[in-house]
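J.: The structure that follows is given in the form of structure tokens.
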Amino acid sequence: MKVAVCVKEVPDAAAPKRLDPQTFRLDRGGAAALNEFDTHALEEGLRLKDAGGAEEVAALLMGPGRAADSLRKALAMGADRSVLIADDALAGSDLVATSHVLAKALEREGADLILFGQQAADSDGAVLWAAVADRLRLPMVSQAASLEVADGKAKVKRQTEYGYDVIEAPLPCVVAVSDAINEPRYPSLKGIMGAKKKPQETLSAADLGVQADEAGEGGSRTEVYAVGEPPQRGESRKIE
């Protein structure tokens, strides 16, 4: 079984966040890191491999060229190889455009199981996995608190507002894991050193057959018209 884990580079939690007043996008020029939610998805893929249920775990990331540094953490944790989709034409992609690019990359991978973290720490959208699954026409389960794969099926214990659902889906499928599913491992010194020797592939939009009007601002279906400061609070009086 082949496992693909989609990860994202996000601004470091300790770095100040600001919106670029020219592009209305999040300024990503500061320190960055691998999205913490995605490390749970990566850990789950690695556990499947450790148990003999997967032959390969690949980490995929769409972002700027410098995001290769964040992907090295995925390799250091134990991923077998990484795929970075980096192209200036992809800048400004919204959910619609991003899901299209990732779906193209995943079609190329032909993975049996596609894992996502539940959400990204910068946008907190928590719907990208659903959009990708829809484009790939694959079954999808979210909020996975546990995952078992056997006999060509993924069995998911899904956390809900009222308890747990147990859902089975045939492979290939998409699973978004919650941060309660596991405790991600720390990269060992051996893993960090070994990450340098693992395959690290970089693809452009053209490599995936993505047209100019299918990604970036041209392929996005949302637009930010303005960004402003929040309104000031009115006068208040504190009463002990």
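J.: Might you let me know whether the range 62-70 holds any residue that is part of a loop (DSSP other than H, G, I, E, B) and closer than 26 Å to A206 by Cα?
T.: Taking the range 62-70 and keeping what is part of a loop (DSSP other than H, G, I, E, B), we get 63-64.
Checking which are closer than 26 Å to A206 by Cα leaves us with 63-64.
The answer is yes; a qualifying residue exists.
J.: Could you tell me whether any residue of the range 158-166 is part of a strand (DSSP E or B) and open to solvent by 90 Å² or more (accessible area, probe 1.4 Å)? Even if it seems obvious, please write down each step before you answer.
T.: Pass one, the range 158-166, residues part of a strand (DSSP E or B): 158-160, 163-166.
Keeping just the survivors that are open to solvent by 90 Å² or more (accessible area, probe 1.4 Å) gives 164, 166.
So far as the range 158-166 goes, yes, one or more of its residues are part of a strand (DSSP E or B) and open to solvent by 90 Å² or more (accessible area, probe 1.4 Å).
J.: Now, a different point. Which of the residues that make up the range 16-33 are among the hydrophobic types (A, V, I, L, M, F, W, C) and closer than 20 Å to G125 by Cα? Before you say what the answer is, go through the steps one by one.
T.: We begin by selecting, within the range 16-33, every residue among the hydrophobic types (A, V, I, L, M, F, W, C); these are 19, 24, 26, 31-33.
L19, F24, L26, A32, A33, listed by residue number.
J.: Of the residues that sit in the range 4-48 and are part of a helix (DSSP H, G or I), open to solvent by less than 40 Å² (accessible area, probe 1.4 Å) and not charged (D, E, K, R), which one is farthest from L171 (Cα to Cα)? Walk me through it before giving the result.
T.: Our first condition is that a residue be part of a helix (DSSP H, G or I); within the range 4-48, this holds for 36-48.
Pick out the ones that are also open to solvent by less than 40 Å² (accessible area, probe 1.4 Å) and you get 38-46, 48.
After this cut, where a residue has to be not charged (D, E, K, R) as well, the list is 39-42, 45-46, 48.
Numbers: T39: 22, H40: 20, A41: 17, L42: 18, G45: 14, L46: 18, L48: 14 Å.
Among residues in the range 4-48 that are part of a helix (DSSP H, G or I), open to solvent by less than 40 Å² (accessible area, probe 1.4 Å) and not charged (D, E, K, R), the one farthest from L171 (Cα to Cα) is T39.
J.: Please verify whether E235 is among the acidic types (D, E), open to solvent by 80 Å² or more (accessible area, probe 1.4 Å) and in a loop (DSSP other than H, G, I, E, B), treating the condition exactly as stated.
T.: yes
J.: Tell me yes or no: at least one residue of the range 106-124 is free of Cβ contacts under 8 Å to residues at least 60 places away in the same chain and either part of a strand (DSSP E or B) or surrounded by 18 or more Cβ atoms within 10 Å (Cβ to Cβ) (or both).
T.: Taking every residue of the range 106-124 in turn, none turns out to be free of Cβ contacts under 8 Å to residues at least 60 places away in the same chain and either part of a strand (DSSP E or B) or surrounded by 18 or more Cβ atoms within 10 Å (Cβ to Cβ) (or both).
J.: Tell me whether the range 212-225 contains one or more residues that are touching a residue at least 60 places away in the same chain (Cβ under 8 Å), surrounded by 10 or more Cβ atoms within 10 Å (Cβ to Cβ), touching a helix residue (DSSP H, G or I) at 6+ places or on another chain (Cβ under 7 Å) and part of a loop (DSSP other than H, G, I, E, B).
T.: yes
J.: Give the range 49-66 a look and list any residue that's hydrophobic (A, V, I, L, M, F, W, C) and either buried (at least 20 other Cβ atoms within 10 Å of the Cβ) or at pLDDT 95 or above (or both), or say none. Outline the logic, then answer.
T.: If we filter the range 49-66 for residues that are hydrophobic (A, V, I, L, M, F, W, C), which is where we start, we get 51, 54, 57-62.
A54, V57, A58, A59, L60, L61, M62, listed by residue number.
The values are calculated or read from the model by the stated rules, or taken from the named source; none is laboratory data. None of the values given here were measured: they were computed from a predicted structure. Reconstructed Cβ throughout: ideal geometry from the backbone, glycine too, with neighbour counts over all protein chains shown. Ligands, DNA and RNA are excluded from the accessible area calculation, which covers all protein heavy atoms including side chains. Shrake-Rupley method; radii C 1.70, N 1.55, O 1.52, S 1.80 Å.
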